Amino acid sequence: MPIGAEPAAEEHPAGADDERRINRVGHRKRRLEIAATVLLSAATVLTAWSAFESTKWSGVQAIRFSRASASRTDSVRASNGRAADRGERDGLHGVADRD
């Protein structure tokens, strides 16, 4: 067809514009569905990773809490032992019994 010439009626049937518009809308819808699928997949993977990390750090926290508790217990025992040694050294053992 020469430049600037009008297309003949048989080249563009009456519903051709509608068909192109429908194809364009269908193409957009398909791209949107693919984008939504990718986004949901990424959200699923990140949620699973977050749960994994949370579980891992909860275990680390429990171990550290247990160690801190054991250290506190050892500290109290050592402190009580020193207090008892001081009491014996200063002759304070059994002072309440003398009254």
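What follows draws every value from the coordinates through simple rules; no lab data is involved. Since the model is a prediction, treat every value here as computed from it, not as a measurement. Because the Cβ atoms are built from the backbone with ideal geometry, glycine has one as well, and the counts that use them run over all protein chains shown.
Observations on the model:
- Couplings 3J(HN,Hα) for region 33-50, derived from phi with the Karplus relation 6.51 cos²θ - 1.76 cosθ + 1.60 (θ = phi - 60°), are 5, 5, 4, 5, 5, 5, 4, 5, 5, 4, 4, 5, 5, 5, 5, 5, 5, 4 Hz, where x marks Gly and Pro.
- Shown in residue order for region 63-75 are the 3J(HN,Hα) couplings computed by the Karplus curve 6.51 cos²θ - 1.76 cosθ + 1.60 at θ = phi - 60°: 5, 5, 5, 5, 5, 5, 5, 5, 5, 5, 4, 4, 5 Hz (x for Gly and Pro).
- Put a plus charge on the Cβ of each Lys and Arg, a minus charge on the Cβ of each Asp and Glu, and nothing anywhere else: the dipole of region 16-90 about its Cα centre is then about 200 debye.
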